[in-house]
Amino acid sequence: MEVVLETRSLRKEYGSKGVIFSAIDGIDLKVYKGEFLGIMGPSGAGKTTLLNILSTIDRPTSGNIYYEGKDILNMKNRQLSIFRRKNIGFIFQDFNLLDNMSVEDNIALPLALSNEKVKEIKEKVEKLSVFFGLKDHLKKYPYQLSGGQKQRVAAARAIITSPSIVFADEPTGALDSKSAQELLLCLMKMNQEFNTTIMMVTHDAFAASYCKRILYLKDGRIHARLDKDSTRKEFFRRIIDFVGSMGGGVGELL
Amino acid sequence: MNSFKLTIINFKRNIKTYGMYLMAMIFSVATYYNFVSMRYNPQFLKTKDLTIYVQSSSLTASLLMILFLVFFIIYSSNFFLNQRKKEIGVYAFMGIDNYKIAFMFATEGLLLGILSLVIGLLLGTLFSKLFLMLLAKAALLNMRIDFFIPKKAIVETVVVYSAILFVSFLKGYIDIIRTNLIDLMNTLKKAEELPKINYLKGFASLIIIGLAYYIAVNYGTFGFGKALLWTVILVIIGTYWLFGSLLSVIIRKLIKKKRFLYKGTNIISFSNIAFRIKDNYRTFAAVAVLITTCITSFGTVSSLRYFVDENHKIEVPYTITYISSKQEEIERVEEIIENSGHKVELRQQANFLLVPESKLVVVKASTFQKLLSDLNVEDREKILSKIDKLEDQVVYIERPGLLLSMLEKKDIKVGDKSYKIKAQAKVPLFGNGVPFPCLIVSDGEYQSLKIKFEEKQFNGIILDNPEDTKDLTFKLAEILPVDSGLYTYFMAGASFYDLVGIVYFLGSFLFLVFVFATGSIIYFKILSESFKDKGKYEILKKLGTTDIEINESVSKQVGLFFLMPLIVGIVHSIVAISVLSDLMKYSLIKPTIISICIFIIVYGIFYGFTRRKYINVVIG
């Protein structure tokens, strides 16, 4: 299987002389094409730090990151920004849509910035809006949408550039349970139909159960790995059991 | 820690944010002080004939400054309050009562005011000599300016500023007392909504402005006073609607045009502008009106100066003129000039007819042609082409010294005969020595008029050094009879030119102050936007927008905010100045272009500042 993203002994340290805190403490990781990977772990385990570093928003203290074999840490800031725009999609907990753009413009934004052909942009926006059930809302503005709709707009924006990977940071965190489930189904469909590689950070065992594989982070290290081999419900139970055995309160995860 | 200490800490911490505000305040205090001190300067007061001019222009200028200041302080303190509502909210949350918080924040404003007052006074005193020297130079006054600190001016400045500061202190205090905790916490979070658009108002704005222009250009039919009033009212309404509605219509059209929108950073800049019009159109309109006022008034004073320079050529084309045909008088004049050591550059003699009952003189076409070419008048071909084949028509040359001609004459009576006026013009001819309008008639017609009216001989002499003709004037006055109408460069004097010099100088200074004011208003407005936009640019950065693209998009957005009122203001002022030029019968293209260029340069500097600060806020 093709490797999309690979890290070697990734480290991120905070603090200065004497008091050093390692948020990421040597992570080796491979993400394959078409994967739906979940990252779990208690608060302070380094989930968000890892995501920020992998998504090139932050830089590691040491270690390497390879995207399709290419070392991205040698890139300059500007190159990195463009790389990010073309190869990485984002879904954030708080949507991060631009309030002053209509839904269609929000989705089109990454392509418009890259000066793609207008006709192609329009076609892609059209196609994705059908896929995410946003067709009737294209002319609306984010303040006119529900949370679930907003997050679907964000998902559409994330994959319009056909990125090699989509990072989702607690995408269901701000949604009610029904909207959350809808979104997770969307992500799953995205993963199946477009073969989009997704890496999702989550607290929530229910959300995690939609993934194909889960890495459990603790104290900046990969502590365990769970693979889905049966139904989602079965997988959900295993996750709950595992998290329980880790000593974390179950309540925190539900 | 008591609240006063907290105030001092806050004040120190925020001094950077206040930088621009402090600069504007200090500048205005220094300017105000200078305007006032002009009134108390002993050297200026000594020159009796100037006192009234100096006092009245100083008063006007300082009043305008106060107006600007009140406006500016209210505007900027609102800005600061909005900026720090969250901070106020936190204090309120911690259980400090509103009165104490209000006192703290209002005191901070007061400290700022006092600081700028002190620095402004110091700078003002330092520069007052320079200011007065420039003024004296502009007014062509020959006087020495000593360094002098008028106590009265300082007292006046302190009193006026303290009053303004006290009022703004009270206003700030009351504003904070009246706010609610919940509003304070949520101010920056308030969701913006896309403004509704009103096509009717949008297109009406164009019609209203068009109508205003029509009235302005046709001031003759409406009467000048009425036309001015209506033009001002209509232009202001039209400009507000233009920015309030038409601009929304246009921007919305642009946003729907994906071919335009999906071109790089356009999508960021224009989407933002579309949302911001609702909050900003009043500022745009006010700035456009301010720009119009600025350029028009500066255009007017520089036109006036230009006009006076031009007029000087018309009023004093020769160094010495007198009317006499007696050979012995002419010889004595020549003798005196020769003894004075001056060199004669041009000696001119010409005959004309005096028509006392119509208060005008008549000159024949061939003489007129010779006079103009000897004086080497610029663009004389235009008027000379009109005197060919005059037959029964005449060309009307305005009386020298006429400032504005409001009437268009059709025909004119000389004795019992009426002539059609073929053309009207202002050109140098005899100067103030013959203070009448002049009719140019064909040589044949002149012969027939010569029988009815007395012919006189005009003598004009140009000397190499016209400035130094005081003694010469007195000597000539002794030998020439009163009715010779002796007029010299010295007699033309400087009284009127002094006034114009002062007006010009103060006008340009006020122009600078107003450019500064306009710039600061737009600066604060855009800066308050930048805080709202911070989140947006953070998202954009995460999505992979490069710093260069952010730069580009900010430049575009801020640039458009500056550009739109500028364009409207320039168009308004061009119309205004063209009406003025029509009134003065002069082409004012040169002074207009100069004043627009100066404005654009200063305004451009403000754009640079604002853009940089904006980028600092959204990226840094």
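Observations on the structure shown:
- Of the residues making up segment A:144-197, those that are touching a strand residue (DSSP E or B) at 6+ places or on another chain (Cβ under 6 Å) and farther than 25 Å from A:THR49 by Cβ number 0.
- Search result, residues across segment A:39-91 that are more than 30 Å from A:ALA205 (Cα to Cα) and among the aromatic types (Phe, Trp, Tyr): A:PHE83
- Take the conditions (1) touching a Cys at 6+ places or on another chain (Cβ under 6 Å); (2) within 14 Å of chain A (Cβ to nearest Cβ); B:LYS532 misses just one of them, which is (1).
- Here A:LEU51 qualifies as touching an Asp or Glu at 6+ places or on another chain (Cβ under 6 Å) and within 14 Å of chain B (Cβ to nearest Cβ).
- Hits in segment B:516-542 - residues which are crowded, with 19+ Cβ neighbours inside 10 Å and either closer than 12 Å to B:TYR607 by Cβ or of a type in the set (Phe, Trp, Tyr) (or both): B:PHE516, B:THR518, B:GLY519, B:ILE522, B:TYR523, B:PHE524, B:ILE526, B:TYR537
- Here B:LEU188, B:LEU206, B:LEU170, B:LEU181 are screened, and the one residue that is at pLDDT below 70 and more than 14 Å from chain A (Cβ to nearest Cβ) is B:LEU181.
- Looking across segment A:163-198, just one residue is surrounded by 22 or more Cβ atoms within 10 Å (Cβ to Cβ) and small (Gly, Ala, Ser), and that is A:ALA168.
- Within segment B:144-169, tally of residues that are in contact (Cβ under 8 Å) with a residue 24 or more places away in the chain and in a loop (DSSP other than H, G, I, E, B): 6
- Considering residues of segment B:373-393 that are over 19 Å from B:LYS585 (Cα atoms) and hydrophobic (A, V, I, L, M, F, W, C) only, the residue modelled with the lowest pLDDT: B:LEU390
- Of all the listed residues (B:GLY433, B:GLY444), the sole one being surrounded by 20 or more Cβ atoms within 10 Å (Cβ to Cβ) and not charged (D, E, K, R) is B:GLY433.
- Residue in segment B:466-485 that is assigned to a strand (DSSP E or B) and of a type outside the set (Asp, Glu) present: no
- Matching residues in segment B:587-604 - criterion: being surrounded by fewer than 17 Cβ atoms within 10 Å (Cβ to Cβ) and not in a helix (DSSP H, G or I): B:SER587
- In this structure, A:ARG78 does not satisfy being under 26 Å from B:ASN551 (Cα atoms), of a type in the set (D, E, K, R), buried (at least 16 other Cβ atoms within 10 Å of the Cβ) and in contact with a Ser or Thr (Cβ under 7 Å, 6 or more places away or on another chain).
- For beta carbons closer than 6 Å, sequence separation of 6+ or different chains, a first residue in segment B:68-95 that is within 17 Å of B:ILE526 (Cβ to Cβ) and a second that is part of a helix (DSSP H, G or I), the qualifying pairs are B:SER76/B:TYR21; B:SER76/B:PHE524; B:PHE79/B:PHE524; B:PHE79/B:SER528.
- Identity of the residue in segment B:238-263, aromatic (Phe, Trp, Tyr) and over 37 Å from the mean Cα position of the chain (by Cα), that ends up farthest from the other protein chains (Cβ to nearest Cβ): B:PHE260
- Scanning segment A:144-159 for any residue that is within 9 Å of another protein chain (Cβ to nearest Cβ) and either of a type in the set (Ser, Thr, Tyr) or farther than 12 Å from A:LEU97 by Cβ (or both) turns up nothing.
- Looking across segment B:274-300 at every residue that is within 9 Å of another protein chain (Cβ to nearest Cβ) and of a type in the set (A, V, I, L, M, F, W, C), the one that is farthest from B:LYS585 (Cα to Cα) is identified as B:PHE275.
- Qualifying positions in segment B:543-586 - crowded, with 18+ Cβ neighbours inside 10 Å and facing another protein chain (nearest Cβ under 10 Å): B:LEU543, B:GLY544, B:THR545, B:THR546, B:GLU549, B:ILE550, B:SER553
- Residues that are exposed (fewer than 12 other Cβ atoms within 10 Å of the Cβ) and in contact with a Lys or Arg (Cβ under 6 Å, 6 or more places away or on another chain), drawn from segment B:447-494: B:ASP464
The values are calculated or read from the model by the stated rules, or taken from the named source; none is laboratory data. Since the model is a prediction, treat every value here as computed from it, not as a measurement. Cβ atoms come from the backbone with ideal geometry, glycine included; neighbour counts cover every protein chain shown.
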